[in-house]
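Below: one structure, written as structure tokens.
The values are calculated or read from the model by the stated rules, or taken from the named source; none is laboratory data. Just so we're clear, the structure is a prediction, and the values are computed from it rather than from any experiment. Backbone-built Cβ (ideal geometry, glycine too); neighbour counts: all protein chains shown. Calculation scope for accessible area: heavy atoms of the full protein, side chains included, ligands and nucleic acids excluded. Shrake-Rupley method; radii C 1.70, N 1.55, O 1.52, S 1.80 Å.
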Amino acid sequence: MMKEIDRLRDMALFAEVAKAGSFTKASEVTGVPTSTLSRRITEFEAELRVQLLNRSTRRVTLTETGARYVAQINDFLRLAYAVNTELGSENSTPSGQLRVSMPGDFAVYFVDTLFAQFREAYPQIVFDLCLTAGLPDLAGERFDASIFIGEPPPTARLVARRVIMLNWRLYASKAYLARYGHPETPADLMKHQCLFTPEPDPVRGWVLKNGETTEWVKPTPLMVTNSRGVIRELVAQDMGIGLLGQTHGVVLERTGRIQRVLPDWELEPVPLYIVTTSRLLPARVRVFVDFITQKFEAMNRKDH
């Protein structure tokens with residue numbers, strides 16, 4: 001790999017010498033000492049096994065092979081320069097397309113509560129949002145980042161940054177509780193209409209914790225659905241008691257639409273990660289990662 005990087009560097013140095021027609025003038029442009037330039041080009045020619053330059057005491061000229069070679073690499077070098085210039089511009093003003101994947105239910109929360117703020121802060125970023133429950137092939141599908149809830153699969157090709165541990169709590173609407181009563185203990189849930197997602201498994205029920213105390217309850221589900229968005233809507237529509245993460249529960253609770261049930265009891269928290277293919281991020285990706293992290297840190301402080 002380093003050999004290829006050296007070759008690209010020498011290619012660029014050769015193009016500067018060919019353009020200047022002099023090692024001395026090319027040295028002034030590149031900042032590379034004349035002796036170093038001469039040595040690098042000589043080694044480059046030896047590696048390619050061709051003579052690219054004719055050297056004299058006063059001037060260097062291109063050989064026929066050198067002229068063909070420099071014509072072929074000029075477009076490549078111009079493209080590389082344009083890409084680097086674009087990246088430098090982006091790092092000063094985040095812009096361009098930001099392609100992100102996230103679970104559908106999280107996307108609802110993001111669009112409802114955070115997207116307008118992100119758009120206002122970074123108007124030159126175009127958001128490309130893909131909904132997926134799993135972790136996609138970030139490199140193959142050209143995603144800049146992925147929001148993942150749970151532990152991502154271990155791989156050396158990805159960088160997973162844990163943002164927060166999401167708390168899961170039981171909620172119901174005020175109208176439902178007024179009609180059916182407030183559960184006082186986990187065992188009281190057995191008498192209520194309960195709404196389940198496949199995880200936690202409705203066959204196992206809910207494992208609730210209060211400090212060091214753990215209670216396992218297994219109510220008969222009113223409904224089982226793989227959409228937490230559906231659970232959220234059913235809870236808001238007075239249909240029963242459901243488990244919501246703090247991303248949705250806290251927001252709805254503040255509107256007065258729902259309230260916590262058994263507020264001293266919670267399920268095991270689940271991690272939320274932002275996954276990228278590298279730690280070296282373009283500005284548009286870096287500001288998104290920082291934005292999500294800061295918003296969840298602030299939410300966590302308010303929640304406690």
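Working from label points 7 Å from Cα in the Cα-to-Cβ sense, the Lys191 to Glu212 distance is 3.1 nm. Remark: the Cα gyration tensor places segment 118-186 in the prolate category, a/c being 1.5 or greater and a/b exceeding b/c. Extending 7 Å from Cα along the Cβ direction at Val230 and again at Lys19 yields two label points whose distance is 6.2 nm. Can you tell which of Arg254, Arg161, Arg40 shows the greatest fluctuation in a Gaussian network model of the chain with Cα springs below 10 Å? Among Arg254, Arg161, Arg40, the largest GNM mean-square fluctuation belongs to Arg40. Centroid-to-centroid, using Cα positions, segment 17-36 and segment 256-282 are 56 Å apart.
Each of Thr24, Ala175, Val235 was placed along the dipole of the chain (beta-carbon charges, centred on the mean Cα), and the one lying farthest toward the positive end is Thr24.
Subtracting the Cα-Cα distance of Gln97 and Val126 from their residue separation scaled by 0.36 nm leaves 10.0 nm. With r as the distance between the Cβ atoms of Leu8 and Val111 and R0 = 51 Å, compute the FRET efficiency 1/(1 + (r/R0)^6) and round to 0.05. Between Val111 and Leu8 the formula returns 0.75.
Shape class for segment 263-304: oblate, because the ratio a/c of the largest to smallest gyration tensor axis (alpha-carbon atoms, square roots of eigenvalues) is 1.5 or more and b/c is at least a/b. Heavy atoms of the protein chains alone define the surface here; on that basis segment 159-296 has 48 Å² accessible area per residue at 1.4 Å probe size. Label point of Ala139 set 7 angstrom out along Cα-Cβ; within segment 264-291, amide nitrogens under 13 Å from it belong to 276-279. For the peptides 266-279, 57-70, the ranking by mean Cβ contacts within 10 Å, running from highest to lowest, is 266-279, 57-70.
Measuring r between the beta carbons of Thr30 and Arg58 and using R0 = 30 Å, the FRET efficiency lands at 0.90.
Helix 34-48 axis versus longest C-alpha principal axis of the chain: approximately 80°, rounded to the nearest ten. Label positions at Thr42 and Ala175, each projected 7 Å from the Cα along the C-beta direction, are separated by 8.8 nm.
Taken about its Cα centre, segment 103-248 carries a charge dipole of about 180 debye when Lys and Arg each add +1 at the Cβ and Asp and Glu each add -1 at the Cβ.
Taking a ≥ b ≥ c as the square roots of the eigenvalues of the Cα gyration tensor, segment 239-285 is prolate, since a/c reaches 1.5 or more and a/b is larger than b/c. Computed about the Cα centre, the dipole magnitude for the chain is approximately 860 debye when only Lys and Arg (+1) and Asp and Glu (-1) carry charge, each at its Cβ. When log10 I(q)/I(0) by the Debye sum over Cα atoms at q = 0.08, 0.09, 0.11, 0.14 Å⁻¹ is calculated for this entry, the matching label among [x] -0.55, -0.63, -0.78, -1.05; [y] -0.39, -0.49, -0.72, -1.12; [z] -0.32, -0.41, -0.62, -1.05 is [x]. Lysine pairs in the chain whose alpha-carbon atoms fall under 30 angstrom of each other, counting only those eight or more residues apart or on distinct chains, come to 12. Think of segment 99-164 as a dipole: +1 on every Lys or Arg Cβ, -1 on every Asp or Glu Cβ, centred on the Cα centre; then among Leu135, Val159, Ile147, Val159 lies furthest on the positive end.
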